[in-house]
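Worksheet for the structure shown next.
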Ligand SMILES: [Zn+2]
């Protein structure tokens, strides 16, 4: 059993310890010490990284009460080594994890929500509650959580006796046995948890929800806090700057500017479709009647709808196969149509000869070919028939 220094002082990131075991594992060395400030994965929080006597610790796990450090090199058994926990990583995780306690405890107190799922991500955490919260309640929850931070409440750890425990009402995520460790934030949360937390709520920093969606009859909340919340705010700020510049709108008016832009774009798309329809009618009218086959070639921006309209209109004017193509050089999208021939067999030959792909029904097929305009014309105009 390793002496767990992270319980006595979660803010301790360096320590000396004696190497008790060093075993070669799968692509790593597994090192056990007499005592450690490295937190092994648990309670939804990831295992610590850092260095141990000059070798890198990539992860930390617990095996029957023993802390196992996954290292990229061996250490001598019996040696006294210095351990350094990656403090920035651990503190950021403790901020998010402690923030999660504040949110879950507050949601439980205010609306009776149970936390039924929790995992930490690189930039925050995902929390599942068993009941839905509307937008107003979520806004209130976020506010109350931040208010608990501003009050800088102590975060305490208790090891109650079985008798004391029976008189306590606390949150727990699974059935527990043996000694139970409770984490208390007065007036906010009392929860069984094995992970280290920051010493008071003020250290959590800002708590922010980054998304909320319905999930299995409840709500799935994505949150961030502290250092991760600062990174998130910087990302949002950088995005807002770009959007603000693109729309020539002040930051607080970018949403309205984007909505105006989307409406204008929709109107333009509609106008564009109308003009393309008019164009295809005029374009089809410019072809003669009475030919066997008719092919028309458009630039690569022509829409699929325009190609279909063109092919259909040309098929009405000719006795064989009508084709509408969009592209340039050796890449063309196509629609072939016919009022007389079954195009399915012809389509297979057409694709095989012109390195293309596509398909459809007897009267219309569509696809793309990798060939020149001349080869297309030679194949269609030169076919037997
Ligand atoms: Zn916890």
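The values are calculated or read from the model by the stated rules, or taken from the named source; none is laboratory data. As the structure is a prediction and not an experimental result, all values here were calculated from the model. Every residue, glycine as well, gets a Cβ built from its backbone with ideal geometry; the counts of neighbours run over all protein chains shown.
Of the residues making up segment 306-332, just one is farther than 20 Å from residue 351 by Cα and under 39 Å from the mean Cα position of the chain (by Cα), namely 306. Residues that are within 16 Å of the ligand (Cβ to nearest atom) and free of Cβ contacts under 8 Å to residues at least 40 places away in the same chain occur at least once in segment 95-108.
None of 56, 63 is in contact with a strand residue (DSSP E or B) (Cβ under 8 Å, 6 or more places away or on another chain) and not assigned by TED's automatic domain parsing to the domain that holds residue 139 except 56.
For segment 31-49, filtering for residues that are away from the ligand (no atom under 16 Å from the Cβ) and surrounded by 21 or more Cβ atoms within 10 Å (Cβ to Cβ) leaves 5.
For segment 126-152, the set of residues classified as surrounded by fewer than 23 Cβ atoms within 10 Å (Cβ to Cβ) and either part of a strand (DSSP E or B) or not assigned by TED's automatic domain parsing to the domain that holds residue 183 (or both) consists of 126, 128, listed by residue number.
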